[in-house]
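Below is one structure, written out as structure tokens, with a few remarks after it.
The values are calculated or read from the model by the stated rules, or taken from the named source; none is laboratory data. Owing to the predicted nature of the structure, the values given are computational and were not obtained by experimental measurement. Positions of Cβ are backbone-derived with ideal geometry, glycine not excepted, and every protein chain shown enters the neighbour counts. Keep in mind that these areas ignore ligands, DNA and RNA; they rest on the heavy atoms of the full protein, side chains included. Shrake-Rupley method; radii C 1.70, N 1.55, O 1.52, S 1.80 Å.
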Amino acid sequence: MAGLTIRRAQKSFGTTAAVHEFSLDIADGEFVTLLGPSGCGKTTLLRLIAGLETLSGGEIVLDGRPIHDLPPPARNIAMVFQSYALYPHKTVAANIAFPLLMQAALPLRLPGLRRFVPGRAALDRRIADRVAPIARMLQIEHLLARKPAQLSGGQRQRVALARAMVREPRLFLMDEPLSNLDAKLRGSTRADIIDLHRRLKATFVYVTHDQGEAMTMSDRIVLMHEGRVQQIGKPLELYANPANLFVAEFIGQPMINLLPLQFVGGVAQLAGQAIRNLPPCLDDVALPHEEARIGLRPEAFALAELGDPQALMGRIHLIEHLGNETHIRISLPGAEITVRASSSAAHGLSVGQPLAVRPNWSSALVFDKHGNRARSAALQAAA
Amino acid sequence: MSVRALLVHALLAAGAVIVLMPFAWMLSLSVKEEHEIFTSNLRFLPEHWDWANYIEAFTTGHVGTFLANGAIVTLSILALQIVTIVPAAYVLARKEFRAKPVIFGMVLAVLLIPPQVTAIPVYLMFAEAGLLDSYAALVVPFATSAFGIFLLHQGFKTLPQDLIDAARMDGASEFHTLWFILTPQLLPMIAAFGVFSIVAHWNDFFWPLLVITRIEHATPPLGISIFASDEGGNDVGPMMASATLIVLPLMLAFLIARRRFIEGVTLSGLKG
Amino acid sequence: MSGASEIVALGSAAAPTRVRETAPPLIANALYLLPAFAVLAVFFLLPALATLGISFTDWTLGARKFTFVGLGNYLDLMASAEFRLSLVNTLKLNLFVIPASFLVALALALAIHNTVKLAPLWQTIYFLPVTTTLVAMAFVWQWVLHPEFGVVAWVLTGLGYQPVNWLNDSSLVLYTVGFISLWQLVGYYMVLFLAGLSSIPSSLYEAAAVDGARNPLDRFLHVTWPMLGPTALFVFVITVIKSFQIFDVVRVLTKGGPNKASEIVLHTLYQEGFVFLRTGRAAAIATLFFVVMLALTLYQMRVLDRRVHYGMR
């Protein structure tokens, strides 16, 4: 079975553990994103796969072969660095060709002297033949003679990609490759990388702290926090069914709304407002917990008539018009929430005005006081 | 530790022995009696520790005089340099006036002149003025430094204009702004320059050799060379004691403030 | 690590902020500039020109009269066997000191850069001689190298060799002087190299490792050396400038001897100008020296400029 398997990988620097017992199976050709805030261990994990850091425990298996004891060159893995790490003294062509040059015999690897080594011309032709199609594919053919300093950020990024592709590795590691690009370029490069992944049919492991990037690009997301996996799953799974509060808050823009739920004399109070008709499924889940929080995505609300008994009442605090939709921030007695509404529905609203919104209970998520998902007894029994 | 790392450390240690050898030998000779020095039966530690060499360094060698002279000369030079460099660098960095390119060109031109080239005419000036064998001859030619002006000019350029504007709005005079608002921002740079200047002038031999003949005004390197020629170089113990005392101040400064010191000394890389 | 790179950054890399005239008092400007520029003019610029002028005269120190001799001094120097010897000695000395200092410093920097933990210790030890007064240490070296009572002689005898008279053997003296200079300055060049080494981004080594650079030679040839290139050029020029300025050791230990075997240009300049009082001739030597140093320094400034503007960001 091809693909990458990581079993109980551990890495600690001194006494601080950067990666805790990490296990993951990545299928051949899959696009997996390691997502998390800075310092969560995602880059360390990537560097462990690349061989730039050594494991403190566990194993890494690529295509059925344990690789964790091999030096980086022997792993046949390509990496795109956050800073691109282009060799500033080499031309674009020489940068792309470098991994191939390093496979040649020693005399052919000597700068300057290599021109006197027999077989040099043939090697250079072979290398040029491999570089050319890649440069064409990434549309950097016209830049081959330039030095990195003469390129724009986006062009450098493509050169780094080309250098990674030239050895035709089965596994690509990418360490925040878009973080040094401006917002506009980031969007188009994102599409280019997805396209590249489809065409190369190789396995991609991609590190980012940007949940939007992770959501749009990945087959699966591994969300990490403080060296531990929070959840592994498809993007929409993480969005709709987060394992815990951290996942729920990290994924999704604008952020999920969290409303405190209390039972006062057997009556549910959500954000300080008594809720009649709390759906029985929620009631069932939340009741055993003294303090719970209900998570509702901004789109899980509908604007309602003032006085609607099923609605939450508040006052508009801020209106953000984005054109295609409008984000309305509403102050409730016990919380502040953001509601996503269509521009037409929001038309005519103004700050300070009272507003009623009706939660869509079917998409509500319940979290206990430790931030874990509280699931209904029925669901737990089923699982 | 790998075998290779071990080998590297072994080679570095061997080199260190060679580098440190003269220091060890200097200290060793400085506490030996004469009969222990002039012997082919060598040993590093003396049989009998003889501190008399250090006393003799002061009495016949006048090492106290040159250490004091060294301090007087280097500190006077540095003080004069700061007083002349700071305003000049400030004006060159922050003001626009017609003669600026010419004046800045002068600074760069002086950077290109090695000290040996100006020695003859400057010597003549001091000889004509009857100022040979004086502190003035040691200090005045170095009352400013083109390199210092160049360096601080770069420093003043990096300071934000807002800082100057704010000081003006708050009613500070230009003098006050320069010395008490802007100059403190450049203290690290001035400290580096200070190290550079003190090291250069403490160790300078060529210029004192020309203008000073008597031990009363000799700086450390000249002083020890006068001592050596007066005694025919045979008073080894006291000579080594003097050498120890001469190299000690800068060496201690280096060991105490390693980073700062290296920063200052390597500044001269920009100057040559 | 070292401040050299930092200083360079302070010196020129920092983006200049908006520079604007704050007030128009031109008299204040002049007052601020005057002390510094009076000193620069009187003690540097005019004397440099005066040296050039004197070099065309037959003036001797103290004489009240002199005549212009045109290029006479220069022609005399070129014709003089003694001066030619001095030139040859200077060249020999530099051909030894420059490459030796450069290579030893580079080797030390590479070795020390890789010994992560002990690096500060090694750096301190090798930099120690830079902080010393060379004249004082020259006298120490005299006794370290003494053929009868010195440590080196003692070691050589112990190993079964004859002691060597390092400073009195005319075939060795130049190299001995060169070695003492190397001893003093190699730590200085080493620190400059170390600054260059530590400014190479580690991601380049990581990229090279992922790209298949397997052994230290590949890393050196494809990352370290090309990235160090500008620093190396810069250090090389400084080595040349510092080596041409060797004077102190010769003056205090050999006075050019034995038999003029260590007579070098700067010592000849001193002798002609301040011992034999042939001022015109000394000025001609100073002018020649100036021309060589000028070329080197101008080249150094160009290199420095390149060094600062090298790299991607």
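For the reader, a short list of remarks on this structure follows.
- Nonlocal amide H pairs with A:ASN257, under 5 Å, H built at 1.01 Å: A:LEU296, A:ARG297
- The gain in end-to-end length when the A:HIS321 to A:GLU249 segment is fully stretched comes to 23.7 nm, 0.36 nm per residue minus the alpha carbon separation.
- Each listed q (0.06, 0.07 Å⁻¹) maps to a log10 I(q)/I(0) for the protein assembly as shown, found by the Debye formula over equal Cα scatterers with no solvent: -0.64, -0.81.
- Residues A:ASN360 and A:GLU291, FRET efficiency given R0 of 22 Å [Cβ-Cβ distance, rounded to 0.05]: 0.45
- 10 Å Cβ neighbours from other chains, averaged over peptide C:199-208: 6
- Looking at segment B:63-144, the trypsin sites (Lys or Arg not before Pro) that sit in a DSSP loop and have at most 14 other Cβ atoms within 10 Å of their own Cβ are B:ARG98.
- Distance-filtered residues of segment C:261-286 - backbone nitrogen under 13 Å, label point 7 angstrom along C:ALA63 Cα→Cβ: C:277-283
- Each Lys and Arg adds +1 at its Cβ and each Asp and Glu adds -1 at its Cβ; summed about the Cα centre, the protein assembly as shown shows a dipole of about 2780 debye.
- FRET efficiency for the A:SER331 to B:ALA127 pair, using the beta carbon distance and R₀ = 60 Å, is estimated at 0.10.
- Using a probe of 1.4 Å, the accessible surface attributed to A:ASP195 totals some 60 Å² when neighbouring protein chains are kept in position.
- Adding -39500 (n - 2.57) for every DSSP H run of four residues or longer, then dividing by how many residues chain B holds, sets the calculated 222 nm ellipticity at -22000 deg cm²/dmol.
- Two-site label geometry, B:ARG98 and A:ASN241: point separation in nm, points 7 Å out along Cα→Cβ: 8.3 nm
- Förster-model FRET efficiency, 25 Å R0, C:GLN162 and B:PHE44, C-beta, rounded to 0.05: 0.65
- Percent of alpha-carbon pairs separated by more than 21 Å within segment B:64-271: 60 percent
- Electrostatic bookkeeping for C:LEU71 treats Lys and Arg as +1 and Asp and Glu as -1; over the other residues with beta carbon under 14 Å from its beta carbon, the sum is -1.
- Residue-count net charge about A:PRO309 - beta-carbon cut-off 13 Å; Lys, Arg +1, Asp, Glu -1: 0
- Fluctuation leader among B:ILE120, B:ILE82, B:ILE190 - chain B, Gaussian network, Cα springs under 10 angstrom: B:ILE120
- For chain C, the C-alpha radius of gyration sits at 1.23 times the compact-globule guess of 2.2 N^0.38 Å, with N the residue count.
- Of the DSSP H helices in chain C, those whose Cα atoms cover at least 24 Å axially and whose Kyte score averages 0.5 or more: C:81-114, C:173-198, C:225-244, C:279-308
- Taking Lys and Arg as +1 and Asp and Glu as -1, the other residues whose beta-carbon sits under 11 Å from that of A:GLU213 total 0.
- Ellipticity at 222 nm from helices only: DSSP H runs of n ≥ 4 in chain A, each -39500 (n - 2.57), divided by the residue count, give -8000 deg cm²/dmol.
- Taking each DSSP H run with n ≥ 4 as -39500 (n - 2.57) and averaging over every residue of chain C yields -20000 deg cm²/dmol at 222 nm.
- Modelled spin-label separation between A:LEU185 and B:PHE180, with each label point placed 7 Å from Cα along the Cα-to-Cβ direction: 4.8 nm.
- Highest-MSF residue in chain C out of C:HIS113, C:HIS267, C:HIS222 [GNM, Cα springs under 10 Å]: C:HIS222
- Packing-based order for A:241-251, B:177-187, C:118-128, using average beta carbon neighbours within 10 Å, highest first: A:241-251, C:118-128, B:177-187
- A simple charge model with +1 on the Cβ of Lys and Arg, -1 on the Cβ of Asp and Glu and nothing else charged puts the dipole of chain A at about 2020 debye relative to its Cα centre.
- Note on segment A:30-104: Cα Rg divided by 2.2 N^0.38 Å, N the number of residues, gives 1.28.
- When the pairs B:LYS32/C:LYS117; A:LYS11/C:LYS117; B:LYS32/C:LYS260; B:LYS95/C:LYS242; A:LYS147/A:LYS184 are compared against a 31 Å limit on Cα-Cα distance, B:LYS32/C:LYS117; B:LYS32/C:LYS260; B:LYS95/C:LYS242 fall above it.
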